[in-house]
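Since the structure comes first, as structure tokens, the remarks are kept for the end.
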Amino acid sequence: MKTLTRAWVLIIVLASATVASAADIKVFCTNGVRAVVEELLPQFEKTTGHKVVISYEPSTQIKKRIDAGEPFDVAVMTTTLIDEAIKAGKLTFESRRFIARSGLGLSIRSGAKKPDIASVDAFRKTLVGAKSITYATQGASAAPFEALVAKLGVESQVKPKYNLRQTAAQVGEAVASGTVEIGVAPISEILPVKGVDLVGPFPKDVQTYVELTAAVGAGAKEKDGANRLIAFIVSPANLPVIKAKGMER
């Protein structure tokens, strides 16, 4: 009888310790790695008992929230913006971990005939021949795509075709509805969208990668849980998920 009583006391103590150690981890996460994080979070929460309170936005918007002093524990943004925030003392350097990168790709409405983008010349002809093109003005693909169009020497022909959106999610909606013929976005933000097909990545010679990195906030309240979350996401065991979502290490 005493043994059973002691066993129940031990179970109650352990359960209480788990509840006491559980934390709410506030995360600002870029849309570029959303598909990966959404698949991994349930396992992390189940294993650790922590609850992840997360919001998804373009990296530029996350940086604005950080600069405004909004409290958070983890930030996931483009590597460039992460490093800027570290230099500004907003994030801790020792917690900085590269997550993955995603190449840029083109999308079309599901079922539509895929244009040829196998070579740089074919890619150029596809852009020139497109009826309309969209990309996210707040996204990480905007600047490199604009630079590429200028480099290819077709800016005057392609720019009038732009029908732009603010976010990659809006780009996907415009392409899926047929409002715009071709969308430009990181492949990791094309694959999850219903109603669109991935034409393919940009040709290798003109490909640009969006690199995403995570770090813990300098003023994070849940630093231990924040570091555990980042370590979990970048764990080698989760590499298959990262690859399946259109990203690579």
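Rule-based calculations on the coordinates, nothing more; no lab input. Just so we're clear, the structure is a prediction, and the values are computed from it rather than from any experiment. Cβ coordinates were reconstructed from backbone atoms using ideal geometry, including for glycine residues, and neighbour counts include every protein chain displayed.
Using DSSP to call loops (not H, G, I, E or B), can you name the trypsin sites (Lys or Arg not before Pro) in the stretch 83-113 whose Cβ has at most 12 other Cβ atoms within 10 angstrom?
Lys113
What aspartates and glutamates does Lys63 reach when the alpha-carbon gap must be under 13 Å and sequence neighbours fewer than 8 apart in one chain are set aside?
Asp83, Glu84
Compute the distance from the alpha-carbon center of the stretch 106-144 to that of the stretch 221-249, in whole Å.
The stretch 106-144 and the stretch 221-249 have Cα centres separated by 30 Å.
Give me the one-decimal nm value for the distance between modelled label points at Ser235 and Thr60, 7 Å along each residue's Cα-to-Cβ direction.
3.6
Among 120-130, 211-221, 147-157, how do they line up from the highest to the lowest mean number of other beta-carbon atoms within 10 Å?
211-221, 120-130, 147-157
Size of the stretch 103-209 along its principal axes in angstrom, Cα-based, largest extent first?
Largest to smallest, the principal-axis extents are 32, 28, 25 Å.
Suppose a student asked you for the relative contact order of the chain, using Cα pairs under 8 Å spaced at least 6 residues apart; what percent would you report?
Reported relative contact order: 29 percent.
Return the whole-Å distance between the Cα centroid of the stretch 155-207 and the Cα centroid of the stretch 34-64.
The two parts, judged by their Cα centres, are 24 Å apart.
If r is the Cβ-Cβ distance from Ser110 to Lys87 and R0 is 41 Å, what FRET efficiency results, to the nearest 0.05?
For R0 = 41 Å, the calculated efficiency reads 0.45.
Would you work out the charge dipole size for the chain about its Cα centre, treating the Cβ of every Lys and Arg as +1 and the Cβ of every Asp and Glu as -1, and quote it to the nearest 20 debye?
With only Lys, Arg, Asp and Glu charged at Cβ, the dipole is about 300 debye.
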